[in-house]
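The values are calculated or read from the model by the stated rules, or taken from the named source; none is laboratory data. The structure presented is a predicted model; accordingly, all values stated were derived computationally and were not measured. As a convention, Cβ positions derive from the backbone with ideal geometry for all residues, glycine included, and neighbour counts pool all protein chains shown. Quick note on the areas: whole protein, heavy atoms, side chains included, nothing else; ligands and nucleic acids left out. Shrake-Rupley method; radii C 1.70, N 1.55, O 1.52, S 1.80 Å.
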Amino acid sequence: MKVSLEWLREFVDIEHTPEELAEILTHGGTEVDGIEHLNKGLEQIVVGEIATLERHPNADKLWICDVNLGDNKSATIVTGAQNLLVKDRVPVALPGTTLPDGLKIKVTKLRGVESSGMLCSTEELNIDPELGDPRSEGGIMILPSDAPLGATLDTLFGEG
């Protein structure tokens, strides 16, 4: 049987890591077959807000986004996503980030415009599509409008 640590914490005050809890349970006679970290890879993905959205001058299907990352930080990112609006909160993978599937993000040039990161879909993050706004389907994941800028997705969604 699989049990969510977040679900257990609704009923019991648990201050241990999943690994510590597994050891305690095993020593108490309850076998733990394994631990699955559902949010693995999300600790590098941050919440950003689309500040501006402009058509790419050299490509009909690309957009240039200025993304507010909080704390006076921003990034210019080129995307082909068609589901974005100004003020949308979205997951951002900055250069140096490794996505859950192993893809490493770096600064690239797309049709002459430098892109400093990647906006992510639920599929690219390997998370449940139901977590995003309905406009996320088939495009970039749209986060709740109150998601804190700069927060990492693992903290936003819990430990998993």
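What part of the accessible area of the chain, given as a whole %, is carbon or sulfur when the probe is 1.4 angstrom?
Carbon and sulfur together cover 51 percent of it.
So how strong a dipole does the chain carry about its Cα centre when Lys and Arg Cβ are +1 and Asp and Glu Cβ are -1, to the nearest 20 debye?
1140
Could you tell me the convex hull volume per residue, in Å³, taken over the Cα atoms of segment 101-160?
In segment 101-160, the Cα convex hull volume per residue is 123 Å³.
Lysine pairs in the chain with Cα distance under 29 Å, only those 8 or more apart or on different chains: how many are there?
18
Please state, rounded to one decimal and in Å, the Kirkwood hydrodynamic radius that segment 29-122 gives when every pair of distinct Cα atoms enters the mean of 1/r.
Computed over segment 29-122, the radius equals 14.5 Å.
For the chain, with a Gaussian network of springs between Cα atoms less than 10 Å apart, report the residue from 123, 49, 20 with the top mean-square fluctuation.
20
Using only the alpha carbons, work out the radius of gyration and Dmax of the chain in angstrom.
Calculated on Cα positions, Rg and Dmax stand at 18.4, 64 Å.
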